[in-house]
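For reference, the structure is listed below as structure tokens.
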Amino acid sequence: MSATVDIVTLENFEEKMPRWDPANASHLYALVDMGSNGIRFSISDLSPPQARLLRCVYKERAAISLFDALNKSAEGQGNALLTFPEETIKLVSQTLARFWTIAVDGYGVPPSQVSVFATEAMRRAQNTAAMLEAIRKETPDLVVQILAPQVETLFGSVGARSGFTDVKGLFLDLGGGSVQMTYMDTYAAKLDGRTDDGVAYEVAAALAGESMPFGAARLIRILEASDSEGRAAETSKLYVSMAESFQKLRAKFPTLAATAAAALDGDKSTGIDVYLCGGGFRGYGSMLMHNDPVEPYPIASIGSYVASGKAFRKTKEMTKINNTYDGKIFGMSKRRRAQFPAIVTVVDALIAAIPRIRSVTFCAGGNREGALMMKLPPNIRESDPLACLESHCAPTGLTLGQGTSPAQNVLDTLVSSLPKGPNEAGAITVFGFQLGRIYSSKIWDGLGRDSDANASAALRDAASQNLGSPGLTHLGRAVLALTLCGRWGFSLGAIDNQLYRSLRAMVDAVDSDGVFWAAYIGAVSAVLATVVTRWPSDSQAITDSIRFRCTVEQSKKLKIYLDISISEKAERGLWTQDLVDTIKAAEKFGEDKKIFVTISRLS
């Protein structure tokens, strides 16, 4: 590789890439990831105080396979050097010029906040300098940086981690040319700070990470071109590399070693959680989602989709579906389906290397999200993304602060209607998912619309990307959707019933009581909004008008006794039997539940 190529390493990436500053005039950042299988471009808004959400305002993908271009140039030439053909160089330089125009001229991104980085294919090519020179001629102010493998591991793992509040598990990224493996434990990092080596946990993960030359595009060519002996030899190398990589990480990270040891000792309650990103793994996740027991699967996003270790291991079944299913599979392009045998080979190698996989979470984030995260200071990078989402979802002009704010008062009032607080009997609720403040901020939304319109919107917003956010899992979205739908009495038209049934099936699969508590909390919210008819203007607006007190009695059925105390002023003109009926309507969602409601005067 030419000495003129700009290499980004762990030692210099902070200097070479533009940093986020809250005082900047613009918080738009444009990133281009020149991957082996395609070139991805995005513009993100990192405006405070929602910088942690990494809100993407524009994205585009150019279907240019740099890996295919390299290998096509070497076909029939024996051990010829890998070089980019002239037509590929021209196409890439013009594509990047287009992206620059969109970012700088179209969206007003400051030129200093445009970054282009490249990975495996650009590292391997012998004429990388020629490619960079062509790009410079088309767009003189555009700088392309080549990521060292460790930086690619850093960005890939942090990008995958960006979708969650906290993580603990193996992180793998399957691209076109290579697959990376590392380990992250944010819980341990928060307890211990930096590692024994004095480095941050993200950098420790990058330093310990392993990069293996078994990307989906590279591996499929080997599997298709080799004879059975050649395929067996290459597959054996993959299995050995995957096992050795895992053992190195196990030796480096005590929490991973402890979990692996417990799994090997036969502790069935434990196992290793795995986070997968990159187009290859997302393709496998899309196949699992297509075959999910909840059918049709209601959420059109692979990000935060979770599969059990048992489901993940069904590689033969997934291969059969790929070979026999003639229709379109969501999230699977023709190219991805053609590469599926290679993807499954990598998955099988991973399964063989890990003692017991407990769960697998498929991540939407990748190199671009990781690069954005690493621009942010640690206190923002490690902040709870749901706290940012709360302020993003809040009513106009509302600050969802802590303490005795109206928002906290709403949340406390709702929680008081539950027998034992936010996690009654271990049931999953919006409170258990830390979504209580987001949910409570939406109780008064749409008061000028009919109930059926609001119930429909609640389901569709959760199922669509409107509520997609870091920290918000598929199951959390389903619980939030059903609880908001319950706030409007589940008043649904025929077109929404299938979506409702699918979301309900997601919750039922995890907790048979989950839908009942969504209906109950929704009904309590409807009563609250009937008595207090707008978002409370101060912290006393609710407690001076209505209070809840709940007790339970366990017999053949769980008997729930809810007392609703209403002030004399707030009760004027109310038909209190309607309030009782609203709460009792939740009974039909729990066959083993009985609700008793009393109305009293708030003194």
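The values are calculated or read from the model by the stated rules, or taken from the named source; none is laboratory data. Everything numeric here is computed off the predicted structure, so don't read it as measured data. Because the Cβ atoms are built from the backbone with ideal geometry, glycine has one as well, and the counts that use them run over all protein chains shown. Quick note on the areas: whole protein, heavy atoms, side chains included, nothing else; ligands and nucleic acids left out. Shrake-Rupley method; radii C 1.70, N 1.55, O 1.52, S 1.80 Å.
For the stretch 228-238, does any single residue satisfy the condition of being of a type in the set (A, V, I, L, M, F, W, C) and within 17 Å of F281 (Cβ to Cβ)? The answer is yes, given that some residue of the stretch 228-238 is of a type in the set (A, V, I, L, M, F, W, C) and within 17 Å of F281 (Cβ to Cβ). Taking each residue of the stretch 568-596 that is under 19 Å from T533 (Cβ atoms) and looking for partners that are part of a loop (DSSP other than H, G, I, E, B) with beta-carbon atoms closer than 6 Å, six or more apart or interchain, yields A570/S545. Inspect all residues belonging to the stretch 122-138 and state whether any of them is under 29 Å from G285 (Cβ atoms) and in contact with a helix residue (DSSP H, G or I) (Cβ under 6 Å, 6 or more places away or on another chain). Within the stretch 122-138 (the criterion being under 29 Å from G285 (Cβ atoms) and in contact with a helix residue (DSSP H, G or I) (Cβ under 6 Å, 6 or more places away or on another chain)), the answer is yes, since at least one residue qualifies.
The single condition among (1) surrounded by 20 or more Cβ atoms within 10 Å (Cβ to Cβ); (2) in contact with a strand residue (DSSP E or B) (Cβ under 7 Å, 6 or more places away or on another chain) that F596 does not meet is (1).
In the set (1) of a type outside the set (S, T, N, Q); (2) surrounded by fewer than 21 Cβ atoms within 10 Å (Cβ to Cβ); (3) under 31 Å from the mean Cα position of the chain (by Cα); (4) part of a helix (DSSP H, G or I), A103 fails one condition alone, (2). Based on this model, can you work out whether K556 counts as under 18 Å from R487 (Cβ atoms) and surrounded by fewer than 19 Cβ atoms within 10 Å (Cβ to Cβ)? No; evaluated as a whole, the condition is false for this residue.
Residue-wise test of (1) farther than 30 Å from V167 by Cα; (2) polar (S, T, N, Q); (3) open to solvent by 40 Å² or more (accessible area, probe 1.4 Å).
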| site | (1), (2), (3) |
| --- | --- |
| G471 | no, no, no |
| G493 | yes, no, no |
| V507 | no, no, no |
| V510 | no, no, yes |
| V515 | no, no, no |
| A519 | yes, no, no |
| S525 | yes, yes, no |
| W535 | yes, no, no |
| S539 | yes, yes, no |
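Within the stretch 61-68, is even one residue surrounded by 15 or more Cβ atoms within 10 Å (Cβ to Cβ) and either of a type in the set (D, E, K, R) or touching a Pro at 6+ places or on another chain (Cβ under 6 Å) (or both)? Scanning the stretch 61-68, I find at least one residue that is surrounded by 15 or more Cβ atoms within 10 Å (Cβ to Cβ) and either of a type in the set (D, E, K, R) or touching a Pro at 6+ places or on another chain (Cβ under 6 Å) (or both), so the answer is yes.
Within the stretch 135-148, not a single residue is open to solvent by less than 30 Å² (accessible area, probe 1.4 Å), in contact with a Pro (Cβ under 9 Å, 6 or more places away or on another chain) and either of a type in the set (D, E) or assigned to a helix (DSSP H, G or I) (or both). Flag: R19 matches the condition of being under 21 Å from N379 (Cα atoms) and among the basic types (K, R).
Beta carbons closer than 8 Å, at least 6 apart along the sequence or on distinct chains, pair a first residue in the stretch 236-247 that is aliphatic (A, V, I, L, M) with a second that is exposed (fewer than 13 other Cβ atoms within 10 Å of the Cβ) for M242/A352; A243/A352. Scan the stretch 318-341 and tell me whether some residue there is closer than 19 Å to L172 by Cβ, open to solvent by 30 Å² or more (accessible area, probe 1.4 Å), free of Cβ contacts under 8 Å to residues at least 40 places away in the same chain and of a type in the set (D, E, K, R). No, there is no match, as no residue in the stretch 318-341 is closer than 19 Å to L172 by Cβ, open to solvent by 30 Å² or more (accessible area, probe 1.4 Å), free of Cβ contacts under 8 Å to residues at least 40 places away in the same chain and of a type in the set (D, E, K, R). Kindly establish whether L96 is within 29 Å of the chain's Cα centre (by Cα), open to solvent by less than 20 Å² (accessible area, probe 1.4 Å) and more than 20 Å from G303 (Cα to Cα). Against the criterion (within 29 Å of the chain's Cα centre (by Cα), open to solvent by less than 20 Å² (accessible area, probe 1.4 Å) and more than 20 Å from G303 (Cα to Cα)), L96 qualifies.
For V531, are the conditions met, namely being modelled with pLDDT of 95 or more and open to solvent by less than 10 Å² (accessible area, probe 1.4 Å)? No. Report yes if some residue within the stretch 480-489 is more than 30 Å from A51 (Cα to Cα), open to solvent by 20 Å² or more (accessible area, probe 1.4 Å) and at pLDDT 90 or above; otherwise report no. Yes: the stretch 480-489 contains one or more residues that are more than 30 Å from A51 (Cα to Cα), open to solvent by 20 Å² or more (accessible area, probe 1.4 Å) and at pLDDT 90 or above. Residues of the stretch 545-578 that are on the phi < 0 side of the Ramachandran plot, over 40 Å from the mean Cα position of the chain (by Cα) and part of a loop (DSSP other than H, G, I, E, B): S555, K556, S567, R572, L574, W575.
Any chance the stretch 502-522 includes a residue that's of a type in the set (V, I, T), touching a Gly at 6+ places or on another chain (Cβ under 6 Å) and either under 15 Å from G486 (Cα atoms) or not in a loop (DSSP other than H, G, I, E, B) (or both)? Yes. Looking only at the stretch 298-311, residues that are under 19 Å from G278 (Cβ atoms) and either crowded, with 22+ Cβ neighbours inside 10 Å or among the polar types (S, T, N, Q) (or both) come to 6 in all. Inspection of the stretch 447-462 identifies at least one residue that is in contact (Cβ under 8 Å) with a residue 24 or more places away in the chain, assigned to a helix (DSSP H, G or I), within 20 Å of A364 (Cα to Cα) and of a type outside the set (K, R). Taken as a whole, the condition of being of a type in the set (V, I, T), crowded, with 21+ Cβ neighbours inside 10 Å and under 29 Å from the mean Cα position of the chain (by Cα) applies to V8.
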